[in-house]
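Working notes, beginning with the structure itself.
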Amino acid sequence: MVQRIKSASILVVDDDLGVRESLKMILMDKYYVSTASHVDEATNSLKTIEPEMIFLDIKMPKISGMDFLREMHLKNSTIPIINDYGIPSSQTEITAFRSGAFDYIIKPFEPSEIHTVVERALQHRVESMEKDKLVYNLRMAVHNNFFSTTDSLLLAIDAKDSYTAGHSKRVSLLFGLITKELGISETRIVKLRYGAFLHDIGKIGVRDDILTKTGNLTEEEFFLMKRHPEIGYNILEPINFLKESLPIVRNHHEWYNGEGYPDGLKGVEIPQEVAILSIVDAYDALTTDRHYHKKYSNGTAFKIITEGIGTQFMPALTEKVLSIIKKCNL
Ligand SMILES: [Fe+2]
């Protein structure tokens, strides 16, 4: 006897034994069919097998099929869900479609109708998985492209100011470690690190002689230098996925006492994540060679930053950040 290879697995969730059995009879030749008589049983079965599609009764005792439909659609929208109705009401149908149902059948049903619905649903699943893959690949391409582009931008600044590119990488790394220690979520850190990495990107718009000047800047030169956070903000502002990290770029030179730039933010107006970046930025600038100073020891850098608490740096937070730097020997 030739055994047919079954092409997909289907879960039938219905409190009516007759419906479960008849769907199983109709489909079992071509598909793996598992059944559940209520939502809890269905949820349990999902722990072991992920079906390619689901038949779902909306009206069931205890937990309604509609709740299960919403939950499934949120978890994995590529699994098509077909609702089976005894007597459908248009309101229930509308709600089910809005909650993510793919199609519906009305009891009693014809085997040919079931086969047509299943084939259509499985085809839809293949297409939506391909679409998801395409979207994912596109995102990755944009992401990779973004990094190579920004890397080139930073290299361009590096050509103007040899300290900036290395500085951006170190600051981004240090910022990631410190925010993790401070309990900020991994997803948020990933987004904010873009800002840390690109915080000085606006220096691309500052004259080379100002960036590399060894002595004190004149008032006019300092005015031009102070424009780099805004220039950086304007460069990155149109990029949608950088939205959350923009405050870091724009406000990393704000001071706790309101005397920073460009917006003169004061105290708690400065977002905590921005305040962390300012400390890390200062720490790295102090502990590496610059055009205008030789690097300081870690101890001296701690002292200088501690002296700036309450004027430049946010109290309490700065002490926490410094103690993490010390503890982790960063
Ligand atoms: Fe800066």
Förster radius 51 Å - calculated FRET efficiency between LEU177 and THR116 (Cβ-Cβ, nearest 0.05): 0.35
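Please state the shape class of region 25-126: rounded when a/c is under 1.5, otherwise prolate if a/b exceeds b/c and oblate if not, all from the C-alpha gyration tensor.
Numbers: a/c = 1.30, a/b = 1.07, b/c = 1.22.
The shape class here is rounded.
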Excluding ligands, DNA and RNA, what is the solvent-accessible area per residue of region 1-99 at a probe of 1.4 Å, expressed in Å²? 57 Å²
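Rounded, prolate or oblate for region 112-190? Axes are the square roots of the Cα gyration tensor eigenvalues, ordered a ≥ b ≥ c, and the cut-off for rounded is a/c under 1.5. If you can, show how the numbers build up before the last one.
Details: a/c = 10.49, a/b = 2.38, b/c = 4.41.
Here region 112-190 falls in the oblate category.
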Whole-Hz ³J(HN,Hα) from phi, Karplus 6.51 cos²θ - 1.76 cosθ + 1.60, for region 268-280, glycine and proline x: 6, 5, 7, x, 4, 5, 5, 4, 5, 4, 4, 5, 4
Hey, rough spin-label estimate for MET140 and ILE94, points 7 angstrom out along Cα→Cβ, what's it come to in nanometres? 4.2 nm
Please build a GNM for the chain, connecting alpha carbons under 10 Å apart, and tell me which residue among PHE97, PHE302, PHE147 fluctuates the most. PHE97
Along Cα→Cβ, 7 Å out, is where each label goes; now give me the distance between the ones at VAL190 and LYS326 in nm to one decimal. 3.4 nm
If every alpha-carbon in the chain counts as one equal scatterer, what log10 I(q)/I(0) does Debye give at q = 0.08 1/Å? -0.60
Cα-centre dipole for region 137-273 with unit charges at Cβ (Lys and Arg positive, Asp and Glu negative), debye to 20: 480 debye
Find out how many positive minus negative residues lie around LEU182, taking Lys and Arg as positive, Asp and Glu as negative, among other residues whose Cβ is under 15 Å from that of LEU182. +2
With the dipole of the chain defined by +1 on each Lys or Arg Cβ and -1 on each Asp or Glu Cβ, the option from THR150, SER9, VAL280 whose Cα lies farthest towards the positive pole is VAL280
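Given an 8 Å cut-off on Cα distances and at least 6 residues of separation, report the relative contact order of region 149-265 as a percent.
Numbers: 145 pairs, mean separation 27.7, N = 117.
So the answer I get is 24 percent.
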If one takes the longest principal axis of the Cα atoms in the chain, at what angle in degrees, from 0 to 90 and to the nearest 10, does the Cα axis of helix 298-307 lie? 90 degrees
Given unit charges at Cβ for Lys, Arg (+) and Asp, Glu (-), the dipole magnitude of region 40-91 about its Cα centre in debye, nearest 20, is 140 debye
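Using a probe of 1.4 angstrom, how much of the accessible area of the chain is carbon and sulfur, in percent? Can you show the working numbers first?
Working: 9940 of 17910 Å².
C and S atoms contribute 56 percent here.
Given the Cα-Cα distance of THR311 and LYS133 and 0.36 nm per residue of separation, how much length would full extension add, in nm? Numbers along the way, then the final one.
Details: separation 178, 0.36 × 178 = 64.08 nm, distance 5.05 nm.
Value of the extension gain: 59.0 nm.
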Between GLY260 and residues 5 or more places away or on another chain, which pairs have amide H atoms under 5 Å apart, with H built 1.01 Å from N, and which residues are they? TRP255
Amide H of MET60 versus every other amide H placed in the peptide plane: which residues, excluding those fewer than 5 positions away on the same chain, fall under 5 Å? GLY65
Out of LEU56, LEU236, LEU211, a Gaussian network model of the chain with alpha-carbon springs under 10 Å gives the largest mean-square fluctuation to LEU56
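The values are calculated or read from the model by the stated rules, or taken from the named source; none is laboratory data. Model, not experiment: these values are computed from the prediction. Don't worry about glycine lacking a Cβ; one is built from the backbone with ideal geometry, like all the others, and counts go over all protein chains shown. With ligands, DNA and RNA removed, areas are computed over all heavy atoms of the protein, side chains included. Shrake-Rupley method; radii C 1.70, N 1.55, O 1.52, S 1.80 Å.
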